[in-house]
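Asker: Take this structure first; my questions come after.
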Amino acid sequence: MNQALLAKTGWRLLQREQGIWAQVFNAKYRRHCDILAAKDLQFHSNSNVWRGILYVAQVLSTSIKWRVGSGDDILFWTDRWLSCGPLQQFALIDLSEDMLQLNGSANWKWNFIWKHHVPPKVKTFLWVLCHKKLLTNAQRLMRKLTNAAVCPRCDCPLESSAHLYKDCTATLAIWNRLGFGRVESGQLMNDYDDWLLHNLKLKRFVIHGLPWYLVFAIFLWFIWKWRCKVVFYHNFLLPAEPHLLIYQCVLEWFSACNLMVILPERNVVHLHWMAPLLGVCKINIDGSRINSPDYIGVGGLLRDFCGS
Ligand SMILES: [Zn+2]
């Protein structure tokens, strides 16, 4: 039988025709068989006509489309109820390496946060931040909670987390006071995730033997706290010495957790005056000045070889 005739027969069955021929097919073959979903395996145990109908139904299924109606009969993923084809073919994507790691979660790399020795509120904050859930204006715009994503502190058009921490001039002004070298907007590591990961995992001790990851984590937390105060308290003024507040918080947490590092014993070199040669006098001088050139002081001490 030619394909057009078989396709038309299949189509009439799908249209639930009630002729005797249709009743025979329905009773004999269709009780456990969906014509459009038939697979090759079902072909062999059926009559030639029915196998022919199933065969052309595969062609038919690529050319017909469901009208949604109540939706009861439609297979959401595999039926063609959209003009572009089955939804399934758009939902299946290649998984990236990250997505294939640890239970398919792309966020496995942030699990270390829970083991970090940082205050619990900072831990929770970091988890939210690293999973891109921080409600910056860019996030709020994406969730239709606002109409503008402008940075409230520097008027940059898009306040994303990356902007908030790496490029916002208000943040960099504080960063530059932490004492780890001056940076300008756009100078920090390019990839925001890599930058966060690198700094949160960096095993390095800084001033007073404090671990850098702790200073960095609390810096992130304070920046967000102050940013929110700027948004919600219109008369909020940033502390005059924000970096000192950050260090104070870090030191308090660090000493409370008894995490202070025992620094290696220092090799102390005692400096003392050394007498000149016999018959020679030595003069030692020192000077200082404050910013105004009007206040400069200098003094000296002349001593002979006996120190007199
Ligand atoms: Zn900004």
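The values are calculated or read from the model by the stated rules, or taken from the named source; none is laboratory data. Keep in mind that this is a model prediction, so the values were computed, not measured. Backbone-built Cβ (ideal geometry, glycine too); neighbour counts: all protein chains shown.
Asker: Suppose we filter L188, L196 for residues that are at pLDDT below 90 and not in a helix (DSSP H, G or I); which single one remains?
Answerer: Only one candidate passes the filter, namely L188.
Asker: Inspect the stretch 241-254 for any residue being in a loop (DSSP other than H, G, I, E, B) and at pLDDT 85 or above and give the result as yes or no.
Answerer: Scanning the stretch 241-254, I find at least one residue that is in a loop (DSSP other than H, G, I, E, B) and at pLDDT 85 or above, so the answer is yes.
Asker: Now for a different question. Working only within the stretch 107-162, note down all residues that are within 13 Å of the ligand (Cβ to nearest atom), closer than 25 Å to L214 by Cβ and assigned to a helix (DSSP H, G or I).
Answerer: S161, A162
Asker: Quick one: what pairs do we get from the stretch 171-185, first residue under 20 Å from W221 (Cβ atoms), second at pLDDT 90 or above and among the β-branched types (V, I, T), C-beta under 8 Å, 6+ apart or different chains?
Answerer: These pairs meet every condition: T171/I223; I174/I223; I174/I246; L178/V215; L178/I246.
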